[in-house]
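Participant: Starting off with a structure, shown below.
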Amino acid sequence: MRRFTLFASLGLLASATAAWAQDLATAPAEAWVIGPIIRGKNYSVGMPLRPDRARRGWSFEFPYPDVQAGHVHYVTLDAGSLAGKSRIVMRYRIDASRGTRFVARENPELPATVSLFFQRQGDSWSGRRHPYHRWWSPTATMDQLAPGEHQMTVSLNDPSWTSVNGPLASSSPRAFRDALVEADRIGLVFGSAAGRGHGVYATRSARFTLLSYRVE
């Protein structure tokens, strides 16, 4: 009986993993982390560690009404290697009170945005030591935050993915390929064109819901 239970559990785990491979939004909300957490400090001030469960995917409320209430930076999942994958397709919805504005914490004069992101395992969060361990989707694929339902489709073969200190994948193709193969965390970040994951807050009540996050 114990042996059967073990195999049954392993089968359920394998099924869950296969489902995540199709749509990471189906992973439990508890598997996602709102951060980043660097040397014990969570940079998403005023946010819970995990998003809320939703009927489809997960959700969280933006801190509001000003920067003193907090700001959301990264939401990521340990999804493993991106070897052999060709694109990421994310669908999300923003519900907001009328008149809500989204503000980039570090560059409030710029539009607040959401970008796709992945991180190579072993990153020290030092741009000097590991300049090619974090990658943000091409600038042209950023979405300006606004109420409604949206979809982002980003090719993993696009040479304009941006690394920590600014160099594009086109200038360091081997480093980019290695990062894909040894990818660890994947997800989305909030900020602006001048600071992709440097945080966003809202001026009124607003909620972000991840509907799907497919790695294909």
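Participant: GLU182 versus ALA31, label points 7 Å from Cα toward the beta carbon: distance in nm?
Facilitator: If labels sit at GLU182 and ALA31, their model points lie 2.4 nm apart.
Participant: Right, next: Sort 123-131, 26-34, 207-215 for me by packing, meaning the mean count of neighbouring Cβ atoms within 10 Å per residue, highest on top.
Facilitator: Taking the mean over residues of other Cβ atoms within 10 Å, the ranking is 207-215, 26-34, 123-131.
Participant: Working from the pairwise distances between different alpha carbons, so that the mean of 1/r is found and then inverted, what is segment 96-173's Kirkwood radius in Å?
Facilitator: By the Kirkwood definition, the hydrodynamic radius is 14.3 Å.
Participant: Taking the Cβ-Cβ separation of LEU110 and THR153 as r and a Förster radius of 25 Å, what is the calculated FRET efficiency to the nearest 0.05?
Facilitator: E(calc), rounded to 0.05, equals 0.60.
Participant: Calculate the FRET efficiency for GLU61 and ALA194 from the Cβ-Cβ distance with a Förster distance of 25 Å, rounded to the nearest 0.05.
Facilitator: Result of the calculation: an efficiency of 0.50.
Participant: Measuring from label point to label point, each 7 Å out along Cα→Cβ, what is the GLN144 to ILE38 span in nm?
Facilitator: About 2.8 nm, to one decimal.
Participant: Starting from one equal scatterer on each C-alpha and no solvent at all, send me the Debye-based log10 I(q)/I(0) for segment 37-128 at q = 0.13, 0.14, 0.23 Å⁻¹, two decimals.
Facilitator: -0.60, -0.70, -1.55
Participant: Mean 1/r over all different Cα pairs, inverted: what Kirkwood radius does segment 139-183 give, in Å?
Facilitator: 12.1
Participant: Could you grab the relative contact order for the chain? Cα pairs under 8 Å, six or more apart, rounded to a whole percent.
Facilitator: 33
Participant: Just add up the charged neighbours of ALA29: K/R +1, D/E -1, any other residue whose Cβ is under 13 Å from the Cβ of ALA29.
Facilitator: Result for the local shell: +2.
Participant: Semi-axes, largest first, in whole Å: what does sqrt of 5 times each Cα gyration tensor eigenvalue give for segment 24-215?
Facilitator: Ellipsoid semi-axes (Å, largest first): 25, 18, 16.
Participant: Output the peptides 150-160, 136-146 sorted from most to least packed, where packing is the average of other Cβ atoms within 10 Å over each peptide's residues.
Facilitator: 136-146, 150-160
Participant: For ASN165 and ASP95 in the same chain, what is the full-extension length gain: residue separation times 0.36 nm, less their Cα-Cα distance, in nm?
Facilitator: Contour length minus Cα-Cα distance gives 21.9 nm.
The numbers here are math on the coordinates, done by the rules we state, and not lab data. Quick caveat, the model's predicted, so the values are computed rather than measured. Every residue, glycine among them, receives a Cβ derived from its backbone with ideal geometry; neighbour counts consider all protein chains shown.
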